[in-house]
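All remarks here apply to the structure that follows.
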Amino acid sequence: MSPINFVYLASILFAIGSAAVLLRRNAIIAFMGVELMLNAANLSLVAFSRMHGQVDGQVMAFFVMVVAAAEVVVGLAIIIAVFRARQSISLDEPAELRG
Amino acid sequence: MVNPVLFWCVAAITVVPSLSLLFARKAVHVAMSIVLVMVGLATAYIMLDAPFLGIVQIVVYTGAVMMLFLFVLMLVGVDQREDLKETIAGQRWIAFLAAGGLGVLLISMIARVSVSVQDTTVGDPERIANVLFSRYVLVIESLGALLITAAVGALVLTHVPRLRRKRTQAEVAEGRVLVGANPVNKPMPGVYARHNALDIPALDPDGNAIEASLSRVLEVRHQTQDGVEFRAQIEEGDEK
């Protein structure tokens, strides 16, 4: 079985993650959808690294993980700040900012 | 090459739990199933001869990131209701259509690519370390700066400035007296030298039970006893 199957798996996971971002109103769940998309990209990078026999794909996946960790920290801090201000983490609430 | 049985197992434990992102009602259930997805992805990395990334995936994602998500879920309240009222008409179907279209597009494009698979495996940590700290050393340095910036940013974003001056201990005590609370401690439960337990009220010098010495929680649960028998014992002792 060729490692290309993992790229198919990654595209399915990416589609599920993007559907969650478009669909869910709960900010934390939408954020988890973003995480799933990042992980799908990572999976395809690792599969490409295996296919080409080169280590660069794994290094890139490692960089993506580090950036994702930083992004999660800041994103969750923003969610907490919004929750403190509005007592809600619904993504529809900021739409009220519109005049 | 990849073991097909293992591949289908990994596909099942990544795709099925990730569907909870779309259909699960409670955010905690979503978080726990994403943890399972992360473990499945770690298995996939190890299958693809990248053991280093597999371990990092478990440590970083299941260990740190998803637990951080759970912390925040507990902080904002696990029973935050999600309102299902749609602000954009037909948003659900548009979202499903767009995401499904994206998936079909990606899969059909991958199916048209022809790839040759090398048999060399490159995942050992030594080799990754060599590449990381030679060719990508500048990237590593800037990632360190990024992580520190993110940590400081999170501190700044979650910091709440104090609106009023902090009350000193003397002010707290004065406030209690002003409200009319008893300034003295409540008596401890238990009968000295006879029955040293939380469910027995203390006896005053006349041998009457002091109800205030009992924990309110135990009273609500009906787990307390009255001090009558101990009073009787004390009186017997006095007669002897």
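Details
- Some residue of segment B:32-49 being among the charged types (D, E, K, R) and closer than 30 Å to B:ASP119 by Cα: yes
- Segment A:74-88 residues that are within 9 Å of chain B (Cβ to nearest Cβ), paired with ones that are of a type in the set (Lys, Arg) and part of a helix (DSSP H, G or I) (beta carbon under 9 Å, 6 or more apart): none
- Pairs are defined by a Cβ separation below 7 Å, a sequence spacing of at least 6 or placement on different chains, a first member in segment A:1-16 that is at the interface with another protein chain (Cβ under 7 Å from one of its Cβ atoms), and a second member that is basic (Lys, Arg) and outside any loop (DSSP other than H, G, I, E, B); the pairs so defined are A:PRO3/A:ARG50.
- Any hit, segment B:188-198, residues being of a type in the set (A, V, I, L, M) and in a helix (DSSP H, G or I): no
- Positions within segment A:45-72 being outside any helix (DSSP H, G or I) and out of contact with any Ser or Thr (no Cβ under 9 Å at 6 or more places or on another chain), in sequence order: none
- All positions within segment B:37-70 that are more than 8 Å from chain A (Cβ to nearest Cβ), free of Cβ contacts under 8 Å to residues at least 40 places away in the same chain and out of contact with any Ser or Thr (no Cβ under 8 Å at 6 or more places or on another chain): B:THR43, B:ILE46, B:ILE55, B:ILE58, B:VAL59, B:THR62, B:GLY63, B:MET66, B:MET67
- Looking across segment B:24-51, just one residue is assigned to a helix (DSSP H, G or I) and at pLDDT below 90, and that is B:ALA27.
- Qualifying residue in segment A:1-23 (condition: touching a strand residue (DSSP E or B) at 6+ places or on another chain (Cβ under 8 Å), surrounded by 22 or more Cβ atoms within 10 Å (Cβ to Cβ) and assigned to a helix (DSSP H, G or I)): no
- Taking (1) part of a loop (DSSP other than H, G, I, E, B); (2) surrounded by 12 or more Cβ atoms within 10 Å (Cβ to Cβ); (3) of a type in the set (A, V, I, L, M) in turn, B:VAL184 satisfies each apart from (2).
- Residue check for B:VAL78: over 14 Å from A:ALA30 (Cα atoms) and part of a helix (DSSP H, G or I): no
- Those residues of segment B:118-141 which are within 15 Å of B:ALA50 (Cβ to Cβ), in a loop (DSSP other than H, G, I, E, B) and not hydroxyl-bearing (Ser, Thr, Tyr), in sequence order: B:GLN118, B:VAL122, B:GLY123, B:ASP124
- Among the candidates A:VAL59, A:VAL34, A:VAL46, residue that is more than 8 Å from chain B (Cβ to nearest Cβ), of a type in the set (Val, Ile, Thr) and at negative phi: A:VAL34
Conditions (1) over 33 Å from the mean Cα position of the chain (by Cα); (2) at pLDDT below 85; (3) among the aliphatic types (A, V, I, L, M), marked per residue:
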residue	(1), (2), (3)
B:GLY101	yes, no, no
B:VAL104	yes, no, yes
B:GLU141	no, no, no
B:ILE148	no, no, yes
B:VAL156	no, no, yes
B:ARG162	no, yes, no
B:VAL172	yes, no, yes
B:GLY180	yes, yes, no
B:ASN185	yes, yes, no
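Yes/no matrix, rows are residues, columns are (1) surrounded by 10 or more Cβ atoms within 10 Å (Cβ to Cβ); (2) under 30 Å from B:PHE69 (Cβ atoms); (3) charged (D, E, K, R):
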{"residue": "B:ALA129", "(1), (2), (3)": "yes, yes, no"}
{"residue": "B:LEU157", "(1), (2), (3)": "yes, yes, no"}
{"residue": "B:PRO161", "(1), (2), (3)": "no, yes, no"}
{"residue": "B:ARG176", "(1), (2), (3)": "yes, no, yes"}
{"residue": "B:PRO201", "(1), (2), (3)": "yes, no, no"}
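- Any hit, segment B:107-127, residues being within 26 Å of B:MET1 (Cα to Cα), of a type in the set (Asp, Glu), surrounded by 10 or more Cβ atoms within 10 Å (Cβ to Cβ) and in contact (Cβ under 8 Å) with a residue 12 or more places away in the chain: yes
- In segment B:13-34, the residues that are surrounded by fewer than 24 Cβ atoms within 10 Å (Cβ to Cβ), under 16 Å from A:ASN39 (Cα atoms), within 10 Å of chain A (Cβ to nearest Cβ) and hydrophobic (A, V, I, L, M, F, W, C): B:VAL15, B:LEU19, B:ALA31
The values are calculated or read from the model by the stated rules, or taken from the named source; none is laboratory data. For clarity, every value in this text was computed on a predicted model and none was experimentally measured. Here the Cβ is made from the backbone with ideal geometry for all residues, glycine too, and neighbour counts use every protein chain on show.
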